[in-house]
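Here the structure comes first, spelled out in structure tokens, and everything after it is commentary.
The values are calculated or read from the model by the stated rules, or taken from the named source; none is laboratory data. None of these values were measured; they are calculated from a predicted model. Methodologically, a virtual Cβ is constructed for each residue, glycine included, from the backbone with ideal geometry; neighbour enumeration extends over all protein chains shown. Protein only, heavy atoms only, side chains kept; ligands, DNA and RNA dropped before computing areas. Shrake-Rupley method; radii C 1.70, N 1.55, O 1.52, S 1.80 Å.
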Amino acid sequence: MNQTISLTQEEFELLRKLIEENSGISLGDAKGYLVESRLQPLLRESDCTTFKEFYLKSLDRRNGLIDKIIDAMTTHETLWFRDVTPFTTLKEKVLPELSEIAQRRKVRIWSAGCSTGQEPYSIAITVHEYAMAHLGVTPSHFEILATDISYSALFTAIAGRYHGLGISRGMNQN
């Protein structure tokens with residue numbers, strides 16, 4: 001069994017600064033436990049015996065460790081039609097206002113922090129349903145850009161393949 005390596009306050013400060021500078025993720029003073037628990041597997045995988053050694057190793061950009069650290073620190077919480085209000089607003093207010101513009105030029109919608117893609121796919125479903133119900137507007141009038149800082153999350157989003165729970169969370173069962 002692997003022994004847990006404790007994170008010192010100094011190591012937490014080094015890693016917190018590294019994470020914020022490379023991702024924008026801001027960790028509060030009480031988040032040392034989160035850094036320790038999420039980075040522990042990477043620390044072992046990197047054959048490091050302390051978090052300071054791990055931090056120093058991450059400074060070598062060639063080893064790709066910083067990307068793994070950022071990926072480990074991101075929260076991949078997502079579901080279909082997450083938070084009903086934004087999708088209701090999109091359907092009832094935003095799309096009607098953009099319909100006239102969309103007939104003249106493509107409208108771009110940006111889903112930032114899209115994680116594994118359920119939100120941008122939900123936007124696409126909403127746009128498609130709206131377009132099917134309104135003459136003169138087609139789904140091709142809209143372009144959706146989905147971004148995230150986690151490469152593994154984006155890989156899942158691009159593939160569009162979800163396991164049972166991932167496909168059912170937030171999806172209307174009707």
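Compare 55, 130 by solvent-accessible area with a 1.4 Å probe and give them largest first, with all protein chains kept in place. Please list the in-between numbers first.
On the way: 55 40, 130 20 Å².
My answer, sorted largest first, is 55, 130.
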Neighbours of residue 113 by Cβ distance under 15 Å: Lys/Arg at +1, Asp/Glu at -1, summed charge -4
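Where does the charge balance sit around residue 16 when Lys and Arg score +1, Asp and Glu -1, over other residues with C-beta under 13 Å from its C-beta?
Working: positive: 17, 31, 38; negative: 10, 11, 13, 20, 21, 29, 36.
Overall, the nearby charge balance is -4.
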Cross-link reach from residue 57 to lysines, straight Cα distance under 22 Å and at least 8 residues apart if same chain, gives 17, 31, 68
Calculating Cα Rg over 2.2 N^0.38 Å from this structure picks out, from [x] 1.11; [y] 1.02; [z] 1.32, entry [z]
In deg cm²/dmol, rounded to the nearest 500, the helical mean residue ellipticity at 222 nm of the chain, built from -39500 (n - 2.57) for every DSSP H run of length 4 or more, is -15500 deg cm²/dmol
Heavy-atom accessible area per residue of segment 1-50, all protein chains kept, 1.4 Å probe, expressed in Å², is 62 Å²
Expressed to one decimal in nm², the mean projection of the alpha carbon convex hull of segment 64-145 is 6.2 nm²
Long-range amide H partners of residue 144, meaning residues 5 or more apart or on another chain whose placed amide H is closer than 5 Å, are 109
A correct Karplus calculation of ³J(HN,Hα) over segment 84-94, with 6.51 cos²θ - 1.76 cosθ + 1.60, θ = phi - 60°, whole Hz and x for Gly and Pro, returns 4, 4, x, 6, 5, 4, 4, 5, 8, 10, 5
The alpha-carbon center of segment 4-56 and that of segment 99-119 are separated, in whole Å, by 35 Å
Within segment 36-77, DSSP-loop GluC sites (Glu not before Pro) with at most 14 other C-beta atoms within 10 Å are 77
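Counting Lys and Arg as +1 and Asp and Glu as -1, each charge on the Cβ, what is the dipole of the chain about the Cα centre in debye, to the nearest 20? Please report the intermediate quantities before stating the final value.
Values: 19 positive and 22 negative charges, 100 e Å.
Dipole size: approximately 480 debye.
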